[in-house]
Amino acid sequence: MDIHWAALGGVFGVSLGITLLTVVLFSLGVAAQPRGDGGERSRGANRTATAAALLCFGACLAVAVYGLTLIIGG
């Protein structure tokens, strides 16, 4: 039995990178969401914060769906 360590390290690196990217995107979305809900800021800033939160959550959803298609798909 022979293990191809370079390929294993590459898979580990990509998996770690995608996991960190997803966690950071989700955290940014959670941080931006309350700023878009209201407060004393102008309406434009509220829309920008809400759009940023939705963009972050959408990117997290896209990563999750892509991972599921890799696992489930052909």
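The values are calculated or read from the model by the stated rules, or taken from the named source; none is laboratory data. In this text the structure is predicted, and so the values were computed from the model without any measurement. Reconstructed Cβ throughout: ideal geometry from the backbone, glycine too, with neighbour counts over all protein chains shown. Ligands, DNA and RNA are stripped out before the accessible areas are found, and what is left, the full protein with its side chains, is counted by its heavy atoms. Shrake-Rupley method; radii C 1.70, N 1.55, O 1.52, S 1.80 Å.
So with the 1.4 Å probe, I'd like the accessible area per residue for the chain, rounded to whole Å². Working shown, then result.
Details: 5900 Å² over 74 residues.
About 80 Å² of surface per residue is accessible.
Averaging the sequence gap over all C-alpha pairs within less than 8 Å and six or more residues apart, then dividing by the number of residues, gives the chain a relative contact order of 30 percent. Dividing the summed -39500 (n - 2.57) terms of all DSSP H runs of n ≥ 4 by the residue count of the chain sets its mean residue ellipticity at 222 nm at -31000 deg cm²/dmol. Using the Karplus relation 6.51 cos²θ - 1.76 cosθ + 1.60 with θ = phi - 60°, the per-residue 3J(HN,Hα) values for the range 9-25 come to x, x, 5, 5, x, 5, 4, 5, x, 5, 5, 5, 4, 5, 5, 5, 4 Hz, with x marking Gly and Pro. Compared with the dominant principal axis of the Cα atoms in the chain, helix 43-72 is inclined by about 20°.
Using the Cβ-Cβ distance between ALA45 and ILE72 with R0 set to 30 Å, the FRET efficiency from 1/(1 + (r/R0)^6) comes to roughly 0.15. Computed from the Cβ-Cβ distance with R0 of 22 Å, the FRET efficiency linking ALA59 to PHE12 stands at 0.50.
Look at (1) 1.23; (2) 1.12; (3) 0.91: the one that is Rg/Rh (Cα atoms, Kirkwood Rh) derived from this structure is (1). Split the accessible area of the chain by element, probe 1.4 Å, and carbon with sulfur accounts for 72%.
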